[in-house]
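Following: one structure in structure tokens, then a few remarks.
The values are calculated or read from the model by the stated rules, or taken from the named source; none is laboratory data. Just so it is clear, the structure is predicted and the values come from calculations on it, not from any experiment. In this analysis, Cβ positions are derived from the backbone assuming ideal geometry, glycine residues included, and neighbour counts consider all displayed protein chains.
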Amino acid sequence: MTNKSATLGLALGVTVLATTLAAAPVLQQVSSSDDWCRDENWGNNREGVCEVREYTVGTSGATLAVDASPNGGIRVEGSPRADILIRAKVVTTARTQERAKGIAGAVTVTAAADRVSADGPDSLRSGESWSVSYRLAVPTQSALDLRSTNGGISVQNVDGRIDFKTVNGGVKLTGLAGQVRGRTTNGGVDVELDGTTWQGEGLDVETHNGGLKLAIPEHYSAQLETGTVNGSLRIDFPVTVEGRIDRQINVNLGSGGPRVRVRTSNGGVKIVRK
């Protein structure tokens with residue numbers, strides 16, 4: 001290899017290394033005394049560890065996929081920030097404190113601009129467990145793909161394409177815009193709209209085996225579709241509906257607009273004014 005080739009190869013290697021380091025998430029802080037850990041209860045004859053790991057990563061423009069399975073919840077809040085703040089709460093239980101600490105040390109968190117998830121030990125003894133829940137602050141204009149099992153999902157003040165799915169967890173959606181679609185099984189849904197109409201393509205949310213509450217501002221315009229298969233339907237303000245009101249309604253509020261669809265299979269529906 002000539003000196004020129006060697007220099008070029010070294011330069012390329014440095015560039016690749018610098019790119020890799022820049023893309024890697026930086027763990028900024030680990031805290032076991034965070035308020036988020038305060039309410040953890042390990043149960044009888046169990047010891048536990050709770051620590052909050054914090055990361056800050058740049059945005060990529062791609063959809064941010066967050067997977068809290070197994071046994072973790074997700075909360076996302078839109079903000080004026082230009083980067084993404086990721087807080088991961090790692091909780092482990094075991095027979096002894098030393099063993100719980102060992103399990104926590106084996107839990108790894110992937111925190112990147114397009115993916116947030118965790119991995120932990122598969123070979124656990126009886127009474128041992130680990131879980132990771134997430135709280136994220138993201139730019140208001142963000143695309144999200146959220147998944148969980150045995151954990152709730154909450155999204156606030158985000159405008160973008162948002163897809164979510166959870167099993168055995170409730171859902172809370174506040175002040176959203178864009179195209180929002182999601183499902184939960186065995187969990188309630190609480191939706192709060194804002195403004196005078198939906199900004200974007202619309203909202204489509206469904207739950208099985210859970211109640212549903214939708215809060216709508218005064219003078220809101222939308223195509224409202226809601227209902228239940230097994231449960232009561234209550235609307236706390238007058239609407240004009242053609243035909244008989246049963247457990248399913250499809251009605252224009254105000255001057256109409258994008259579709260707001262919220263439904264449940266087994267649970268009551270309550271529509272209220274904010």
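Residue check: is Ser142 among the small types (Gly, Ala, Ser) and in contact with a strand residue (DSSP E or B) (Cβ under 9 Å, 6 or more places away or on another chain)? So Ser142 fits the description; yes.
When the criteria are applied in full, Thr93 meets the requirement of being in the same structural domain as Pro70 (by TED's automatic domain parsing), outside any loop (DSSP other than H, G, I, E, B) and in contact with a Lys or Arg (Cβ under 7 Å, 6 or more places away or on another chain). Among the residues of the stretch 153-171, those that are closer than 25 Å to Pro80 by Cα and either assigned to a loop (DSSP other than H, G, I, E, B) or of a type in the set (D, E, K, R) (or both) comprise Asn157, Val158, Asp159, Arg161, Asp163. Only a single criterion out of (1) modelled with pLDDT of 95 or more; (2) assigned to a loop (DSSP other than H, G, I, E, B) is not satisfied by Ser126, namely (1).
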